[in-house]
Amino acid sequence: MESTSMTETMWVRCTPEMKAALEAIARQSVARNISDHIRFAVERYIAQQDSDLVNALEDEAVPA
């Protein structure tokens, strides 16, 4: 993903259990900021979706 300044904010609702689990993960990590963990997960999700879309388009382009 391209490196740009982080200017946008997304508010996400979660359960108290989800928040506690994320905080526990962050405590065990080098990057202790939950936002960093969530941002990384979202970047991976976007990259995977982009890859899946490209693969689907390539599959459609190949005649059976």
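The values are calculated or read from the model by the stated rules, or taken from the named source; none is laboratory data. What you are looking at is a predicted structure, and each value in this text was computed from that prediction instead of being measured. Neighbour counts run over all protein chains shown; Cβ positions are idealised from the backbone, glycine included.
Going through 41, 24, 47 one at a time, which residue ends up being surrounded by 11 or more Cβ atoms within 10 Å (Cβ to Cβ) and at pLDDT 90 or above?
47
Annotation: of all residues in segment 27-64 being under 23 Å from residue 7 (Cα atoms) and among the aliphatic types (A, V, I, L, M), the one that is nearest to the chain's Cα centre (by Cα) is 42.
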